[in-house]
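Presented below is the structure to which this report refers.
The values are calculated or read from the model by the stated rules, or taken from the named source; none is laboratory data. Because the structure is a prediction, the values reported are computed rather than measured. Counting neighbours? That spans all protein chains shown, and the Cβs are built from the backbone with ideal geometry, glycine included. Quick note on the areas: whole protein, heavy atoms, side chains included, nothing else; ligands and nucleic acids left out. Shrake-Rupley method; radii C 1.70, N 1.55, O 1.52, S 1.80 Å.
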Amino acid sequence: MKRLGNRLLQMIVTLIGVSFLTFCLTYIAPGDPAAMVLEAGDHIVSEELLQKTREEMGLDKPFLVQYANWVGGLLHGDMGLSYSAKKPVAEKLSEGFVGTCFLAAVTIVFVVIISLPLGIWSAVRQNEWPDYLVRFCSFVGVSMPNFWLGLMLLYIFGLKLMLFPITSSSVTVKGVILPALTLAVYQSTKYVRQVRTVILDELHQDYVIGARARGLSERAILLKHILPNALLPLITLLGMSIGWLLGGVAVIEIVFSWPGIGNTAVHAIMMRDYPLVEGFVLWIAIVYMVINFLVDLSYAYLDPKLRKGEQADG
Amino acid sequence: MADKFEFARQHKLFSLYTALVVLILAVAIFAPYLAPQDPMAGNMKNVLQTPSAEHLLGTDKLGRDTLSRIIAGTQVSLFMTICLVVLIAAVGSLVGIVSGYFGGKIETVLMRFADMMLAFPGVVLAIAIAGILGGSVVNTILALLTVSWAKYARLVRSLVIKLRHSDFVLAAQVNGTRTKDILRRHILPNVLPMVVITGAMDIGTMMMEIAGLSFLGFGAQPPTPEWGLMLNEGRQYIQTAPWLMMYPGTAIFIVVAVFNLWGDSLRDLLDPRHDNTNR
């Protein structure tokens, strides 16, 4: 329980820190938000109007007061108004979040389909050609910038073979395949190694030797004995990936014009739509930490050894 | 003097990768002399030419030679990456040494700060920082530095805490050696190998992150011949001029791959405890 409390405290501290940092950034950034709001609304910008808008937006107040107002709004669920879209930030973010969640879900499915069989194959045939092949491919994947991989897939499957749409203005099944595949290949390079290591560890355990001695087939040993044990460490990793997928995939969303939250954020930055950027960073921070927290909890729950409270701090 | 090449013979792979790294560095340093044409000189009569004998990798929307721009880009990308990695390692080590050696309130504050950075996907914040500050080489480095130093600080701190209680440091303290000298003569040399290994292994990742930011338009600005930026510009011509996005990406891939291999073999060489043969 104490650990839980510490963890929550750490999460709150991180949230405050991250939000403060982003707020500072938008404060020192070039450009006058009041002018941007007016320009976005097709007003003729006069000095009086500027002054009035600044007062309305609270921009004439000291920095800390502005920050406090913003945080106060957040606590009431109000993330402010997006300059460019003239919509509440929360609404704009939730629009993009649907697309990102869908993309993340499909990616995870791909990751499992790709990395689990390959990892097992490479571990079972350790130091034989399948192992070398899988390891080589995983090395190539690690060294390839994922946005470039995305561009190449787009070029080959979208333009040359015309199997998939080049851009997706809305969330469609056909449109999700290529971005999800790009992300999955990139993630799988890491997973294949992890799966391989975990399976190798298990292969040398006594219970495997025991099962062999009892005359069980290798296949049965693998599926019934090794796999359930190996899944546990992989769940943490998968959880971390979900956090990463929900937050750090802006580049891929841009490559495929996928209507996700990262796409929204990059355009918000280009339009200097600061409330939207702040909301985005904060939202990602919350999602990421909550997911990691849940993963930790599930990990502790799934592993009986950890339930006794022996887990090292970290 | 036994044999000058003894080392190279014993560490064949490492020597090979080092040679490749040196080759890439040489391309970066001598880029202005190696580029067949001026990477910045546009020629509107030569716009979007397909690869030919004259322009081996074609030309871009302003008629600039792609090969020359890729060669010039080696310098830009490598310079940015090395600056970034050195800065991250330096800042991280400084924070790690200070908090590990002195402990107390300083440590609590610094490590809370590091935890904050680690408990959050760095790329998101880096995009926000680089984007809000405005795209430029310096801002890109600043953004990635802000989100990446914490890993090194954690690593160095854990090493320093172990060292602080080791006999030779205690002996130095008893002797009345000044703290500054203990840090410089006893602590720093002992944490440096791990920092160098980690730094070497991060070069590839950092290069990709820099390219990623530039690709989004939040890094180097036109007309800089930076690989990520070239991909960004080439992306609009994916239908008519696919070479514009193929070759800069290939360049990133090759350089990142070489640095990854080199980093891994350097770790194997310097850190024998790490068993990388089968696992």
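Of the residues that sit in the stretch B:227-243 and are open to solvent by less than 10 Å² (accessible area, probe 1.4 Å) and at pLDDT below 90, which one is farthest from the other protein chains (Cβ to nearest Cβ)? I'd like the intermediate steps shown before the answer.
If we filter the stretch B:227-243 for residues that are open to solvent by less than 10 Å² (accessible area, probe 1.4 Å), which is where we start, we get B:227-229, B:231, B:234, B:241.
Narrowing further to those that are at pLDDT below 90: B:234, B:241.
On the way: B:Gly234: 8, B:Ala241: 11 Å.
So, considering only residues that are open to solvent by less than 10 Å² (accessible area, probe 1.4 Å) and at pLDDT below 90, the one farthest from the other protein chains (Cβ to nearest Cβ) is B:Ala241.
Among the numbered criteria (1) under 19 Å from the mean Cα position of the chain (by Cα); (2) within 14 Å of chain B (Cβ to nearest Cβ); (3) in contact (Cβ under 8 Å) with a residue 12 or more places away in the chain, which single criterion is violated by A:Ser138?
If we test A:Ser138 against (1) under 19 Å from the mean Cα position of the chain (by Cα); (2) within 14 Å of chain B (Cβ to nearest Cβ); (3) in contact (Cβ under 8 Å) with a residue 12 or more places away in the chain, just (1) comes out false.
Looking only at the stretch A:19-41, decide whether some residue is more than 14 Å from chain B (Cβ to nearest Cβ), open to solvent by 80 Å² or more (accessible area, probe 1.4 Å) and either assigned to a helix (DSSP H, G or I) or out of contact with any Asp or Glu (no Cβ under 8 Å at 6 or more places or on another chain) (or both).
Yes, the stretch A:19-41 has at least one match.
Answer yes if at least one residue in the stretch B:44-55 is hydroxyl-bearing (Ser, Thr, Tyr), outside any helix (DSSP H, G or I) and free of Cβ contacts under 8 Å to residues at least 12 places away in the same chain, and no otherwise. Full working, then the answer.
In the first step, residues of the stretch B:44-55 are kept if they are hydroxyl-bearing (Ser, Thr, Tyr); the result is B:50, B:52.
Among the residues that remain, those that are also outside any helix (DSSP H, G or I) are: B:50, B:52.
Going one step further and asking which of them are free of Cβ contacts under 8 Å to residues at least 12 places away in the same chain, we end up with B:52.
Yes: one or more hits.
Of the residues that make up the stretch B:121-130, is at least one without any contact (Cβ under 8 Å) to a residue 60 or more places away in the chain and surrounded by fewer than 18 Cβ atoms within 10 Å (Cβ to Cβ)? Break it down stepwise before answering.
Let us first name the residues in the stretch B:121-130 that are without any contact (Cβ under 8 Å) to a residue 60 or more places away in the chain, namely B:121-122, B:124-125, B:128-129.
Okay, now just the ones that are also surrounded by fewer than 18 Cβ atoms within 10 Å (Cβ to Cβ), so none.
No.
So if I check each of B:Lys162, B:Lys151, B:Lys105, which one is open to solvent by 30 Å² or more (accessible area, probe 1.4 Å), within 14 Å of chain A (Cβ to nearest Cβ), more than 14 Å from the chain's Cα centre (by Cα) and not aliphatic (A, V, I, L, M)?
Numbers: B:Lys162 fails: within 14 Å of chain A (Cβ to nearest Cβ); B:Lys105 fails: within 14 Å of chain A (Cβ to nearest Cβ).
Among B:Lys162, B:Lys151, B:Lys105, only B:Lys151 is open to solvent by 30 Å² or more (accessible area, probe 1.4 Å), within 14 Å of chain A (Cβ to nearest Cβ), more than 14 Å from the chain's Cα centre (by Cα) and not aliphatic (A, V, I, L, M).
Return yes when A:Leu74 is touching a strand residue (DSSP E or B) at 6+ places or on another chain (Cβ under 7 Å), in contact (Cβ under 8 Å) with a residue 40 or more places away in the chain and either surrounded by 14 or more Cβ atoms within 10 Å (Cβ to Cβ) or more than 12 Å from chain B (Cβ to nearest Cβ) (or both) and no when it is not. Explain how you work it out, then say what you get.
Values: touching a strand residue (DSSP E or B) at 6+ places or on another chain (Cβ under 7 Å): no; in contact (Cβ under 8 Å) with a residue 40 or more places away in the chain: yes; either surrounded by 14 or more Cβ atoms within 10 Å (Cβ to Cβ) or more than 12 Å from chain B (Cβ to nearest Cβ) (or both): yes.
Against the criterion (touching a strand residue (DSSP E or B) at 6+ places or on another chain (Cβ under 7 Å), in contact (Cβ under 8 Å) with a residue 40 or more places away in the chain and either surrounded by 14 or more Cβ atoms within 10 Å (Cβ to Cβ) or more than 12 Å from chain B (Cβ to nearest Cβ) (or both)), A:Leu74 does not qualify.
Find the helices (runs of 4 or more DSSP H) located wholly in the stretch A:233-314 whose residues include 3 or more that are at pLDDT 85 or above and surrounded by 16 or more Cβ atoms within 10 Å (Cβ to Cβ), and list them. Break it down stepwise before answering.
Values: elements: A:250-255, A:261-270, A:274-302, A:304-307.
Output list reads A:250-255, A:261-270, A:274-302.
Could you go through the stretch B:167-188 and let me know if any residue there is assigned to a helix (DSSP H, G or I), under 18 Å from the mean Cα position of the chain (by Cα), more than 14 Å from chain A (Cβ to nearest Cβ) and hydroxyl-bearing (Ser, Thr, Tyr). Step through it out loud before you land on a result.
First, the residues of the stretch B:167-188 that are assigned to a helix (DSSP H, G or I): B:167-174, B:179-188.
With under 18 Å from the mean Cα position of the chain (by Cα) added as a condition, the list becomes none.
No.
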